[in-house]
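Taking it in order: structure first as structure tokens, then the write-up.
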Amino acid sequence: MRPGWDEYFVQVARTVATRATCPRAAVGCVLVREHRILTTGYNGAPRGVAHCTEVGCTVVNDHCVRATHAEANAVVQGALHGVGLQGATAYCTHQPCVGCSKLLISAGIVKIVFVEAYPDPIAAELLAEAGVTLVPFVGQQEVASC
């Protein structure tokens, strides 16, 4: 038995999350189109800025503002390397916040599959209005091997 596509890309997102440098949460995101990985991102400090693991978190209103979110870093990777994201699916270890939801909408993401819920009614409302499908991952889906 081998994993189905959703399980496979969720596993990749979990692996990407192991690179996170903010100890408050290890988050990973993989942007995929037609079963091909386009970009990945994890939460950590911007390029050239010390990571939370080195200098500690900068917490404002119970959120670390030193770290850039995984979804934002995945979109930035597309911009840096000229990878178009229109029509892609985001596989995320955590449900995107409102800020990342807006970035994913603007980047042309059409579907978000997430593992851990981070309920944000405004994010959900914006995603629905933009026609982006938000899908909780419900566990392993196995496909018979060839």
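The values are calculated or read from the model by the stated rules, or taken from the named source; none is laboratory data. This structure is a prediction, so every number in the text was calculated from the model and none was measured. Using ideal geometry, Cβ is built from the backbone for each residue, glycine included, and neighbour counts are taken over all protein chains shown. Protein only, heavy atoms only, side chains kept; ligands, DNA and RNA dropped before computing areas. Shrake-Rupley method; radii C 1.70, N 1.55, O 1.52, S 1.80 Å.
Descriptive notes on the structure:
- Residue within segment 69-89 that is without any contact (Cβ under 8 Å) to a residue 24 or more places away in the chain, closer than 14 Å to Ala25 by Cβ and among the acidic types (Asp, Glu) present: no
- In a residue-by-residue description of segment 91-98, the property of being more than 13 Å from the chain's Cα centre (by Cα) and touching a residue at least 12 places away in the same chain (Cβ under 8 Å) applies to no position.
- Test: Glu129 is closer than 19 Å to Ala17 by Cα, open to solvent by 50 Å² or more (accessible area, probe 1.4 Å) and free of Cβ contacts under 8 Å to residues at least 40 places away in the same chain: no
- Considering residues of segment 1-29 that are in contact with an Asp or Glu (Cβ under 9 Å, 6 or more places away or on another chain) and part of a strand (DSSP E or B) only, the residue modelled with the lowest pLDDT: Arg2
- Scan of segment 86-126 for residues that are of a type outside the set (A, V, I, L, M, F, W, C), open to solvent by less than 40 Å² (accessible area, probe 1.4 Å) and over 17 Å from Glu7 (Cα atoms), ordered by number: Gly87, Pro96, Gly99, Ser101, Gly108, Asp120
Yes/no matrix, rows are residues, columns are (1) open to solvent by 10 Å² or more (accessible area, probe 1.4 Å); (2) of a type in the set (Phe, Trp, Tyr):
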position	(1), (2)
Trp5	yes, yes
Gln11	yes, no
Thr15	yes, no
Gly41	no, no
Val59	yes, no
His69	yes, no
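- Filter result for the condition that a residue is within 17 Å of Gly28 (Cα to Cα) and polar (S, T, N, Q), over Ser101, Ser106: Ser101
- With respect to being modelled with pLDDT under 95 and either of a type outside the set (Val, Ile, Thr) or open to solvent by 60 Å² or more (accessible area, probe 1.4 Å) (or both), His63 fits the description.
Residue-wise test of (1) in contact (Cβ under 8 Å) with a residue 60 or more places away in the chain; (2) touching a helix residue (DSSP H, G or I) at 6+ places or on another chain (Cβ under 7 Å).
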{"residue": "Met1", "(1), (2)": "yes, no"}
{"residue": "Asp6", "(1), (2)": "yes, no"}
{"residue": "Gln11", "(1), (2)": "no, no"}
{"residue": "Arg14", "(1), (2)": "yes, no"}
{"residue": "Thr21", "(1), (2)": "no, yes"}
{"residue": "Ala25", "(1), (2)": "yes, no"}
{"residue": "Val30", "(1), (2)": "yes, yes"}
{"residue": "Arg33", "(1), (2)": "no, no"}
{"residue": "Arg36", "(1), (2)": "no, no"}
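- The one condition from (1) farther than 30 Å from Gly4 by Cβ; (2) hydrophobic (A, V, I, L, M, F, W, C); (3) free of Cβ contacts under 8 Å to residues at least 12 places away in the same chain that Val138 does not meet is (1).
- Residue within segment 42-52 that is within 15 Å of the chain's Cα centre (by Cα) and either of a type in the set (Asp, Glu) or closer than 26 Å to Gly139 by Cβ (or both) present: yes
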